[in-house]
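The values are calculated or read from the model by the stated rules, or taken from the named source; none is laboratory data. These figures come from a predicted structure and were not determined experimentally. Cβ sites come from the backbone with ideal geometry, for glycine too, and all protein chains shown count toward neighbours.
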Amino acid sequence: MAARKISSLLSSSATSLGRFSSWGRRINSFSTAAAAIDEPIHPSIQIDHTQLLINGQFIDAASGRTFPTIDPRTGDVIARVAEGDLEDINRAVAAARKAFDEGPWPKMTAYERSRIMLRFADLLEKHTGEVAKLETWDNGKPYEQAAKIEIPMVVRMFRYYAGWADKIHGFTVPADGQHHVQTLHEPYGVCGLIIPWNFPLLLYSWKVGPALACGNTVVLKTAEQTPLSAIYVSKLFHEAGLPPGVLNVVSGFGPTAGAALSSHMDVNKLSFTGSTATGKIVLALAAKSNLKPVTLELGGKSPFIVCKDADVDKAVELAHSALFFNQGQCCCAGSRTLVHESVYDEFVEKAKARALKRVVGDPFKTGIEQGPQIDNEQFKKILKYIRSGIESGATLESGGEQFGSKGYYIQPTVFSNVQDDMLIAKDEIFGPVQSISKFKDLEEVVQRANASSYGLAAGVFTQNIETANTLTRALRVGTVWINCYDIFDAAVPFGGFKMSGQGREKGIYGLSSYLQVKAVVTPLKNPAWL
Amino acid sequence: MAARRISSLLTRSLSVSSSSVSTSLFSSLGKNSGRNGIGKRFSTAAALEDLIVPPVQIAYTQNLIDGKFVDAASGKTFPTYDPRTGDVIANVAEGDAEDIDRAVAAARKAFDEGPWPKMTPYERSRIMLRFADLVEKHSEELAALETWNNGKPHEQSAKSELPMFIRLFHYYAGWADKIHGLTVPADGPHHVQTLHEPIGVAGQIIPWNFPLIMFAWKVGPALACGNTIVLKTAEQTPLTALYVAKLFHEAGLPPGVLNVVSGYGPTAGAALASHMDVDKVAFTGSTDTGKIVLELAAKSNLKPVTLELGGKSPFIICEDADVDKAVELAHFALFFNQGQCCCAGSRTFVHERVYDEFLEKAKARALRRVVGDPFRKGVEQGPQIDTEQFEKVLRYIRAGIESNATLECGGDRLGTKGYFVQPTVFSNVMDDMLIAKDEIFGPVQSILKFKDIDEVIRRANNTRYGLAAGVFTKSVETANTLTRALRAGTVWVNCFDVFDAAIPFGGYKMSGIGREKGIYSLHNYLQVKAVVTPLKNPAWL
């Protein structure tokens, strides 16, 4: 299967690298030589498109302004990109409105829509190499991860949602009297989609896929850190036959373009993935403007619970990947590693050893597990959290500093003896910083795991089915991974309890975010049955 | 069937009054009044001076928290009124932030420690069914209380709304043990399932126009799904919710599962909407207040919000419609419940070919409408809810006159006491007039003319609201076209206000977010949890 598990790729690359890494002192023991970072590999790809894509055409921003997008390996500018603002959002919404109200998108048969989506998936698959390069260049994630997991997963997602397009059923509804009742599941209209920088194309597929399958039109605002791949693939989408105006892509910043989209009076639906703080703003803007419904996929501080009967080696490896995957830049990162006291010492020793073996370096190099953080702001924030961890008395087991001297690389960092009231145990760090805490019994760990304003995901490691069942129900989170982590199949719903979000993406649940329900009632005369 | 159509009840009572015009105390005016003064033709001035004493005692006025009736923390009370007179019925404990805190703590405990979500769904359903039975037994007192506090016709309360309330709890009791998650196809060797779990503590804020029905729409699904509740009632109509909540406890509801706080929106309502320990909020009321509720949720703990808000629903009479039937239903669609319905058919669009005939008959029908003491038999329309709404409705009528719509009948208050308003019909209403744009929430029908289907679709959709629509046509093609084109959460074709338990209700655009009733309403009160485990050598994928 093309879209292999994230975890399986990570563990295979990790074990192979584990063989030849050395075991020096803390700071300098990370595998890749500084040399790899000093001479970044040049991605063999041209940046063809940097403009806004509105109504099927590439155009400059109304203001004529551009902003730089940065290579996180070096901090150098990759390209200057058209900077969308209010006026551009207005134009994009007008194009999407027209494509919705006058068609052809929602007036096409669902089968035709699905064919275009399938053709797009094929085109994207053909261009996997270029798209993966663009993704790694702009984001800093390992190229192998982009090329072998993420782009195939994007292709998978579009095929999945193409299959839904002609399977959106309403109900006929039992009546209390002589009426014929049916429900129509209709597209909302113009959807405003705001995606983050950590998985630019994956989240593109999570949002654009179901929105288009359901017959909506889209204005997509990408993250200012990673505008490039969305523009590229949206071009491919048009080549696949997408009519103009159905999918409009605006690069730009949150407080300008994002806010304009959120508060637009002619946008019928919003879906936002990003931080909880920004999610609250997006929802408030929707509330203050036209009450458009909002789907939110926000932050997390997900517990990874290693019970006393867990397979420790496996748990160490998965806890490692649960946190360090994608430079720790995952909303569902397993960022509170809660380990039963009976296996705690063994676990900490092995988790530290595993972190020290982690291969950090130029993400374009083969075998690299960890690239740079996304930008200077995130880089600084993570280092601040590491200092706060040290100051609050947690034990720094490994890492703790910048890696190399250029770009935004950070050493894989492990803290043990982390207490629940420390900042590093409460806040979403969004970086390669593992926090390990000890627990004594199940009731305690349930209470501590749930004592968070977040509720996105959890990992549970146990051989005992009773423990698994108890924790599965007791944890107030949207996903529980038992003896696995980061399984992101197209059909598995994803989303948060509490302040981790509202609504679900992916799977059958993801469709309801993009469908209105209309009840239709007519009287019946002498019905044969009720 | 117990829960008859609202429409059928109304039609029945209407046909009674029109067929016995000569003997009816109330409807004689429509027949023999001259056409000289708009103001004086409506039925019942006499009835208004001789009010019937409601056959019910006020037993409960305190807040119901953790299974006990308690005073407000502040000790404060507020008056609740009889809209027939403006007289005080009772003084009710005035809940505020402190009372909401206590209620949420009780609901939290009942959720976290049980027994409610830890009970079997079957046990929960049994309690809900016993409650429905108890309400049925007490229907008479409850209907009297509802009418006394709200002003709606007692026949409507007793014969339509109470049975519908019972129907809804029967319906949701049946859902309690039928909430299925899914098993999910995986892309690799994993076993995937979803659990549909209760969200936790649900904050529910209900309006005054259908106090008990709205109680059922919200409390029913929340409890069936295993949540616990803090319910904030409307300050205009606090009484029936306290009464039925007491019955719910008699039926075996454990303490803390359903807490009822009377009070005002800016105090108790805001405290609930912004509470950090409330996991879900559902609100029914005006669009402006709905926006505030959503903002408070966004600013506090991001609790998901279901909103059922205002409307300006079109009622479209096509050229091929049965005009007599359309007149009757359009009349009912607007005037039902004193025009105090979020889905009131408040823009009556009539095809130009039948416009004159329609207008004449609509006016005649309004003139026959029986207004009076809602406790009297045969009365179709009681008073508006309170002085604020009463003044607002009269203000809109003046705006209609000033903007040059033609006042066909009504236009003034009825009698001198209480909040009665004459059934009012405007013709020649233009889309840009205030009475064609704003939600009036009163007995004011606005009739507009249209020429073709494309035009009426555009005009019908040209509103910030999208709650419901009525379509009157004999053509299946016209019906199908309008059904899809109208941006509204409910389309009633050749009927209106059909509110079965299984039919979802809710709004497009600024009429709300989410759906209530039916299978759809369960989503409002369930979280989805995906559970994934690896498979070793699976027999199949």
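Below is a table of values for the structure above.
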| read-out | value |
| --- | --- |
| Residue ID - nearest to the chain's Cα centre (by Cα), chosen from residues in the stretch B:519-530 that are at the interface with chain A (Cβ under 7 Å from one of its Cβ atoms) and buried (at least 24 other Cβ atoms within 10 Å of the Cβ) | B:GLN527 |
| Search result, residues across the stretch B:76-104 that are more than 23 Å from B:ALA59 (Cα to Cα) and touching a residue at least 60 places away in the same chain (Cβ under 8 Å) | B:ALA97, B:ASP101, B:VAL104 |
| Candidates A:SER321, A:SER275, A:SER289, A:SER262, filtered to the one that is of a type in the set (S, T, N, Q) and either in contact with an Asp or Glu (Cβ under 7 Å, 6 or more places away or on another chain) or in the same structural domain as A:GLU466 (by the TED database) (or both) | A:SER321 |
| Residues of the stretch A:405-457 that turn out to be of a type in the set (Ser, Thr, Tyr) and within 21 Å of the chain's Cα centre (by Cα), as a count | 5 |
| The stretch B:490-517: number of residues that are part of a loop (DSSP other than H, G, I, E, B) and either of a type in the set (Val, Ile, Thr) or closer than 22 Å to B:ASP322 by Cα (or both) | 6 |
| Residue that is assigned by the TED database to the domain that holds B:MET433 and under 18 Å from the mean Cα position of the chain (by Cα), where the choices are B:ALA364, B:ALA344, B:ALA321 | B:ALA344 |
| Subset tally (residues that are in a loop (DSSP other than H, G, I, E, B), within 11 Å of another protein chain (Cβ to nearest Cβ) and at negative phi) for the stretch B:279-318 | 7 |
| Qualifying residue in the stretch B:141-148 (condition: buried (at least 24 other Cβ atoms within 10 Å of the Cβ), in a helix (DSSP H, G or I) and touching a strand residue (DSSP E or B) at 6+ places or on another chain (Cβ under 8 Å)) | yes |
| Count of the stretch B:324-338 residues which are buried (at least 24 other Cβ atoms within 10 Å of the Cβ) and either assigned by the TED database to the domain that holds B:ILE213 or in contact with a strand residue (DSSP E or B) (Cβ under 8 Å, 6 or more places away or on another chain) (or both) | 8 |
| Selected residue (only one of B:ARG464, B:ARG459 is under 25 Å from the mean Cα position of the chain (by Cα) and assigned by the TED database to the domain that holds B:ARG347) | B:ARG464 |
| Residue selected from the stretch A:435-463 under the condition within 29 Å of A:ARG156 (Cα to Cα) and among the aliphatic types (A, V, I, L, M), by the criterion farthest from the other protein chains (Cβ to nearest Cβ) | A:LEU456 |
| Test for B:ALA273: is it under 30 Å from B:ASP438 (Cβ atoms), in contact (Cβ under 8 Å) with a residue 12 or more places away in the chain and within 12 Å of chain A (Cβ to nearest Cβ) | yes |
| Tally of residues being farther than 22 Å from B:LEU522 by Cα and touching a strand residue (DSSP E or B) at 6+ places or on another chain (Cβ under 8 Å) across the stretch B:250-282 | 10 |
| All positions within the stretch A:499-530 that are under 19 Å from A:LEU283 (Cβ atoms), of a type in the set (D, E, K, R) and more than 7 Å from chain B (Cβ to nearest Cβ) | A:GLU505 |
| Test result for A:GLY274, out of contact with any Leu (no Cβ under 6 Å at 6 or more places or on another chain) and farther than 18 Å from A:LEU298 by Cβ | no |
| Count of the stretch B:186-220 residues which are more than 30 Å from B:PRO266 (Cβ to Cβ) and in contact (Cβ under 8 Å) with a residue 12 or more places away in the chain | 11 |
| Number of positions in the stretch A:136-187 that are part of a loop (DSSP other than H, G, I, E, B) and away from chain B (no Cβ under 11 Å) | 7 |
| Enumerated helices (runs of 4 or more DSSP H) restricted to the stretch B:157-272, each holding at least 1 residues that are in contact with a helix residue (DSSP H, G or I) (Cβ under 8 Å, 6 or more places away or on another chain) and farther than 22 Å from B:PHE505 by Cβ | B:239-250 |
| Scan of the stretch A:464-488 for residues that are more than 9 Å from chain B (Cβ to nearest Cβ) and farther than 25 Å from B:ASP187 by Cβ, ordered by number | A:ASN464, A:GLU466, A:THR467, A:THR470, A:ALA474 |
| Elements of type strands (runs of 3 or more DSSP E) contained in the stretch A:355-450, each with 3 or more residues being surrounded by 23 or more Cβ atoms within 10 Å (Cβ to Cβ) | A:413-416, A:433-439 |
| Tally of residues being within 9 Å of chain A (Cβ to nearest Cβ), among the small types (Gly, Ala, Ser) and under 19 Å from the mean Cα position of the chain (by Cα) across the stretch B:469-506 | 5 |
| Checklist (1) touching a Cys at 6+ places or on another chain (Cβ under 9 Å); (2) crowded, with 24+ Cβ neighbours inside 10 Å applied to B:ALA222, failing item | (1) |
| A:ASP311 more than 30 Å from A:TYR514 (Cα to Cα), surrounded by fewer than 23 Cβ atoms within 10 Å (Cβ to Cβ) and modelled with pLDDT under 95 | yes |
| Conditions (1) in the same structural domain as A:GLY258 (by the TED database); (2) touching a helix residue (DSSP H, G or I) at 6+ places or on another chain (Cβ under 8 Å); (3) at pLDDT below 95; (4) part of a loop (DSSP other than H, G, I, E, B); number of the one not met by A:TYR111 | (4) |
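A quick yes/no check of all residues on (1) within 14 Å of chain B (Cβ to nearest Cβ); (2) over 24 Å from A:HIS185 (Cα atoms); (3) of a type in the set (A, V, I, L, M):
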| residue | (1), (2), (3) |
| --- | --- |
| A:THR217 | no, no, no |
| A:THR222 | no, yes, no |
| A:VAL249 | no, yes, yes |
| A:ASN268 | yes, no, no |
| A:ALA277 | yes, yes, yes |
| A:ASP309 | no, yes, no |
